[in-house]
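The values are calculated or read from the model by the stated rules, or taken from the named source; none is laboratory data. Given the structure is predicted, the values throughout are model-derived calculations rather than measurements. So basically every Cβ, Gly included, is an ideal-geometry build from the backbone, and we count neighbours across all protein chains shown. Note: areas computed on protein heavy atoms with side chains; ligands, DNA, RNA excluded. Shrake-Rupley method; radii C 1.70, N 1.55, O 1.52, S 1.80 Å.
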Amino acid sequence: MSEGETAGIRKPRGTGRRLHGAIAHKLGVAILSGEFAPGDTLSGEVAFSEALDVSRSAYREAVQVLTAKGLVESRPKAGTRVLPRSRWNLLDPDVLAWAFAGEPDLAFIRSLFELRAIIEPAAAALAAERRDRDDLKAMKGALAGMSRHTLATEAGRAADRDFHDAILRATRNDALIVLSASMGAAVTWTTQFKQRARALPRNPIPDHRRVLDAIAAGDGAEASAAMRLLVDHALEDTQTSMDV
């Protein structure tokens, strides 16, 4: 390991958002992977800063990030303690990224798909009733991007995320639209995860096209059913990849 680099974090050239973000990432991955369990106390500010050769202010800022996401709490004299999993904001895009940086268990992955199965079919039905020309254009553009780039690429996964985001936005429901970042992150990370060892077991484009066709036709029931099938197939493919 090179001088000034400890556990994957380089010695800062000054301080800033990139540094405390890197520290938060390292600690977040350690917590989500179980290296630090709920109830554990993290190393003290001085010890941690010296171990990683980073400033104490950068460490404090990183802990503030983790605190905001419900992973830890800091108290005077008691130190920084990992909170119970029930307190974690598991739908935060950063927390999802940290979870998938390690090896998430099937129970957590299944919980994400159960959430998607509750929200996305209903959202597709609302989108079929409320979408306008711009919404359909966004969905069609995203589907074209998925077809052109494939989900094996970052560009293709971004298009997939845009497709699901466009559906949530087409609901005209502010509470659902707020979930777009979380749902998009869940779609992206599960898609990337399930093809980490081999290509996707099935072409997902036809499932997406059925959802789009139903929304374009204004058929809420069919849009809901098509989205439910899409989510079910995605879970099956993910479970298959975990058996490899």
Notebook entry, point to check: Is it the case that Arg228 is in a loop (DSSP other than H, G, I, E, B), touching a residue at least 12 places away in the same chain (Cβ under 8 Å) and either of a type in the set (D, E, K, R) or buried (at least 19 other Cβ atoms within 10 Å of the Cβ) (or both)?
Noted result: no
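Of everything in the range 97-109, what is open to solvent by less than 50 Å² (accessible area, probe 1.4 Å) and not aromatic (Phe, Trp, Tyr)? Give them in sequence order.
Ala97, Ala99, Gly102, Pro104, Ile109
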Item checked: the range 196-225, residues that are over 18 Å from Arg157 (Cα atoms) and either surrounded by 15 or more Cβ atoms within 10 Å (Cβ to Cβ) or of a type in the set (A, V, I, L, M, F, W, C) (or both) -> Arg210, Ala214, Ile215, Ala216, Ala217, Asp219, Gly220, Ala221, Glu222, Ala223, Ser224, Ala225
Margin query: Looking for something farther than 14 Å from Lys26 by Cα and open to solvent by 60 Å² or more (accessible area, probe 1.4 Å) - is there at least one such residue anywhere in the range 88-96?
Written below: yes
Check: In the range 183-195, which residues are in a helix (DSSP H, G or I), farther than 15 Å from Asp162 by Cβ and open to solvent by 10 Å² or more (accessible area, probe 1.4 Å)?
Finding: Trp189, Gln192, Phe193, Lys194
Item checked: Pair list, Cβ under 8 Å, 6 or more apart: the range 35-49 residue surrounded by fewer than 15 Cβ atoms within 10 Å (Cβ to Cβ), other residue acidic (Asp, Glu) and not in a loop (DSSP other than H, G, I, E, B) -> none
Notebook entry, point to check: Are any residues in the range 124-158 closer than 20 Å to Pro206 by Cβ and either outside any helix (DSSP H, G or I) or open to solvent by 60 Å² or more (accessible area, probe 1.4 Å) (or both), and if so, which ones?
Noted result: Lys140, Arg148, His149, Thr150, Leu151, Ala152, Thr153
Next item on the list: Would you check which residues across the range 163-221 are under 17 Å from His233 (Cβ atoms), free of Cβ contacts under 8 Å to residues at least 40 places away in the same chain and among the basic types (Lys, Arg) and list them?
Entry: Arg202, Arg210
Next item on the list: Give me the pairs, please: first residue somewhere in the range 59-85 and surrounded by fewer than 18 Cβ atoms within 10 Å (Cβ to Cβ), second residue anywhere and at pLDDT below 90 and assigned to a loop (DSSP other than H, G, I, E, B), beta-carbon distance under 7 Å, and either six or more positions apart or on two chains.
Entry: Gly79/Leu42; Gly79/Gly44
